[in-house]
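Below is one structure; the comments refer to it alone.
All of the numbers you see were taken from the coordinates with simple rules; none came from a lab. Predicted, not measured: the structure shown is a model, and the values here were computed from it. Note that each Cβ is placed from the backbone with ideal geometry, even for glycine, and that neighbours are counted across all protein chains shown.
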Amino acid sequence: MQQLHPNDVIWRNARLATMVPGESAPYGLKEQHALVVRGQTLLAVVPESDTPSGHHNSVDLQGRLVTPGLIDCHTHLVFGGDRAAEWEQRLNGISYQTISAQGGGINATVTATRNSTPETLLRLAQQRLQRLMAEGVTTLEIKSGYGLNAEAEEKMLQVANQLAQDNPVDISPTLLAAHAVPAEYRQNPDAYLALVCEEIMPSLWQKGLFEAVDVFCENVGFTLAQTERLFQAAVALGIPVKGHVEQLSNQGGAALVSRYKGLSADHIEYLDETGIQAMAHNGTVAVLLPGAFYFLQERQRPPVEQLRKQGIPMAVATDYNPGTSPFASIHLAMNMACVQFGLTPEEAWAGVTRHAAQALGRGATHGQLQAGYVADFIVWDAHHPVEMVYEPGRNPLYQRIFRGEGV
Ligand code: DI6
Ligand code: FE
């Protein structure tokens, strides 16, 4: 290997699950290997026997398992209030209509978020982020979508960006102003959509507050035509798109996302053959969200077997949000993806590493232990990657390294 600098760090005596595709061993497992880190980047992945013996800056990992840092590519981490009481009401037999009439559901979170100061939103989101980071998450996506006006959407995105400043973590903020029609526009959803396309999206994009635009395309959200209008406006500004699509019904949203060269089609329980073909053709990532499927007690599973057959990359994410997936645990999401959707544990790992990276436009730099990739990795007190999937809640995390720095 090339000459080392004195400040390069060798993390030696590890068992690597590189998650590099096409390697002969499952998970890209490599026994007795070392990671060489220069600054924030992986300089090399080498057999233990090839590492220089006299290098001063080295850490002996004593045979521990090392994986790429985990990536949660779909979260709604920033919001005010919670919906625990509403959930309890529902289980006590109070009807959805009654709860809605009392201002419950997504509107309750919109009101609470609008009424929260940035400081409060930041404090709450920090606690949630802490739990994801403690499980080994080094990159995550955070959506807006509980503000639903220019000021409150900006506030949410500012908080997401602030979290990245305050923590050793990489955050990809997404604009989800088209999450729901706010109460004040109930009679005129198209006028709200015009506001999103013509004012909210361009102005917050100009401020550099987000990386991509998302939409809830559903019979209880925005129509396919409205979704296309949003995508046209986004693409005209050079903004990548993605979508919450085919979650509760088939609207053709996944094919539309693919047609606009979107990053990912998320949920996709009701994805049909046309949608699958479009995704395969355009390289759209399928983001599976088993937490929402579980919490809503859905029946229709995403077409995993066909996705697999078509070679469509499958990511797995928490969808952490107060209404449909109140689970800030990526290990639990991996477990659910296996138990409920039939992914293999290796597919679940790919889903929170290289495929999640791809869903965030970071596939060439994140989610694999490979020379040239960012030095984000996790050292586990575990022997095999299946353990974190098998037993969520045990969390054998030993050390979390972000951009070459142990924390
Ligand atoms: N799909 C969902 O299930 C959630 N949002 C979305 O686009 C619902 C979010 C909430 O109820 O707060
Ligand atoms: Fe979501």
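Here are some notes:
- Global size of the range 228-282 as Cα Rg and Dmax, reported in angstrom: 10.5, 31
- Among Asn219, Asn149, Asn188, the largest mean-square fluctuation in a Gaussian network model of the chain, built with springs joining Cα atoms closer than 10 Å, belongs to Asn188.
- Per-selection Kirkwood Rh - the range 85-155 (Cα, Å, 1 d.p.): 14.2
- Highest-MSF residue in the chain out of Phe341, Phe295, Phe79 [GNM, Cα springs under 10 Å]: Phe295
- Largest-first principal axis extents of the Cα set of the range 228-326 (Å): 38, 32, 21
- Length gained on full extension, Ala364 to Arg38: 115.6 nm, using 0.36 nm per residue less the C-alpha separation.
- Least to most buried among Met1, Met156 (fewest other Cβ within 10 Å first): Met1, Met156
- Fewest neighbouring Cβ atoms within 10 Å first, the residues Thr51, Thr117 line up as Thr117, Thr51.
- Normalised by the number of residues in the chain, the average gap of Cα pairs under 8 Å and 6 or more apart makes the relative contact order 19 percent.
- Across the range 252-316, Cα pairs under 8 Å and at least six residues apart give a relative contact order of 36 percent.
- Per-bin percent of Cα-Cα distances, the range 70-359 [10 Å]: 7, 30, 39, 22, 2
- Distance between the 7 Å Cα→Cβ label points at Gln3 and Tyr390: 4.7 nm.
- Ranking of His74, His281, His179, His366 by count of other Cβ atoms within 10 Å, fewest first: His281, His366, His179, His74
- Cross-link reach is defined here as a Cα-Cα straight distance under 24 Å, omitting same-chain residues fewer than 8 places apart; for Lys155 the lysines meeting it are Lys143, Lys207, Lys242.
- GNM on the chain, alpha-carbon springs under 10 angstrom: the most fluctuating residue among Leu248, Leu70, Leu157 is Leu248.
- Per residue of the chain, the DSSP helices (runs of n ≥ 4 H) give a summed -39500 (n - 2.57) that works out to -10000 deg cm²/dmol at 222 nm.
- Sorted from greatest to least, the principal axis extents spanned by the alpha carbons of the range 324-407 come out as 35, 28, 25 Å.
- Cβ charges +1 (Lys, Arg) and -1 (Asp, Glu), total dipole of the range 70-359, debye: 140
- Rounded tilt (10° steps) of 330-341 against the dominant C-alpha axis of the chain: 70
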